[in-house]
Every structure is written in C-alpha cells, then in structure tokens.
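Everything on this sheet refers to the single structure shown next.
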Amino acid sequence: MSHDLTLRVYYEDTDLAGIVYYANYLKYIERGRSEWLRALCIDQLAMQRETGHVFAVRRVEADYLRPARFDDLLVVRTALAQASPARIVVDQQVRRGDQLLFSARVTIACVDGQGRPVRLPSRLRTAIDG
C-alpha cells in the first residue's frame with residue numbers, strides 16, 4: 001500500500017547554491033503522508049472535529065543521499081511499514097526520476113487533545129488491514 005505525490009522544487013525551497021534546504025524534505029514528506037491519508041479516505045480535519053484526535057510525529061529516521069535542486073520534479077512515495085493499535089510507521093522516499101535523494105522512516109501516533117495515545121480510527125485500521 002503506497003502513494004506517490006509529485007511536486008516541483010521552487011526557488012523558495014533552496015539555499016544560495018540552489019540546493020533544497022534540508023528541513024524542506026520534512027515538509028515534502030509531511031505532504032506525502034497527508035495525501036496518503038487522504039487517499040485512504042481519512043479526513044484529518046473531520047477526525048479532529050469529531051473526536052479531538054490528531055496524528056503526531058513521534059520519531060523520524062532520515063537519510064539525505066543526494067541533493068535536489070531548483071526546478072527538479074520530485075516524487076514523494078509513502079508506504080505503510082507497520083501498524084499497531086495507536087500508531088503507524090511509514091517508509092518515505094523522495095526521488096528524482098530513478099534517483100533516490102532522501103529516505104525516512106516515520107512513526108506517527110494518534111493522540112487526543114492532551115497528547116495521550118489513542119487507538120487509530122477504525123476507518124484507517126480497515127484501510128490498512130486491507
């Protein structure tokens with residue numbers, strides 16, 4: 001179960017050398033996770049409004065392998081790696097064509113308004129359990 005998000009590198013994403021600033025990869029993969037959840041029919045705003053539950057990043061393990069540059073067309077791939085009752089782990093990659101530029105393993109917890117862990121929404125569990 002994976003999802004691809006295509007995006008372009010804009011001038012604002014880069015440093016003086018025209019290379020994507022390292023923190024922007026975290027923004028790119030955040031967008032990828034949001035679109036992955038949307039593709040699984042998870043409306044994060046509705047979830048928060050109805051239950052008070054949100055997703056929070058608990059851990060990120062990242063490897064910067066090659067630089068992306070101004071005007072590159074990138075693909076952010078998000079794939080489920082693991083799931084437990086209250087969290088999911090996804091593997092994410094940023095690619096330019098067939099070149100792997102960045103990879104990350106991200107642990108996301110479902111939490112209530114006080115930051116305490118809660119069970120994943122049943123709709124998400126159904127979608128990922130296939």
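How big is the gap, in Å, between the Cα center of region 29-47 and the Cα center of region 56-92?
14 Å
Could you compute the net charge surrounding Asp98? Neighbours are other residues with a C-beta less than 15 Å from the C-beta of Asp98; K and R count +1, D and E count -1. Intermediate results must be reported in sequence, preceding the final value.
Values: positive: Arg66, Arg77, Arg95, Arg96; negative: Asp4, Asp72.
Once all neighbours under 15 Å are counted, the net charge is +2.
Provide the net charge surrounding Gln82, with neighbours chosen by a C-beta distance below 15 Å and charges set as Lys +1, Arg +1, Asp -1, Glu -1.
On the way: positive: Arg33, Arg58, Arg59, Arg87, Arg105, Arg125; negative: Glu61, Asp91, Asp129.
Combined, the nearby Lys, Arg, Asp and Glu give +3.
Which value in nm describes the separation of the simple spin-label points at Glu50 and Ala23, placed 7 Å from the Cα toward the beta carbon?
Output for this residue pair reads 3.5 nm.
How high is the relative contact order of the chain, given as a whole-number percent (alpha carbon pairs under 8 Å, six or more residues apart)? Present the calculation step by step, with values, prior to reporting the outcome.
On the way: 241 pairs, mean separation 37.8, N = 130.
Result for the chain is 29 percent.
Translational D (Stokes-Einstein, µm²/s) of the chain at 25 °C and 0.890 mPa s when Rh comes from the Kirkwood sum over C-alpha pairs? Don't skip to the answer; put the middle values down first.
Details: Rh = 15.4 Å.
Answer from the Stokes-Einstein relation: 159 µm²/s.
Which net charge results when you count Lys and Arg as +1 and Asp and Glu as -1 among the other residues whose beta-carbon is under 12 Å from that of Val20? Could you put the intermediate results ahead of the total?
Working: positive: Arg8, Lys27, Arg66, Arg69, Arg96; negative: Glu12, Asp13, Asp15, Asp71, Asp72.
So the environment of Val20 carries a net charge of 0.
Readers should treat all values here as calculations from the given coordinates under stated rules, not as data from a laboratory. The structure presented is a predicted model; accordingly, all values stated were derived computationally and were not measured. For neighbour counting, all protein chains shown are included, and Cβ atoms are generated from backbone atoms with ideal geometry for every residue, glycine included.
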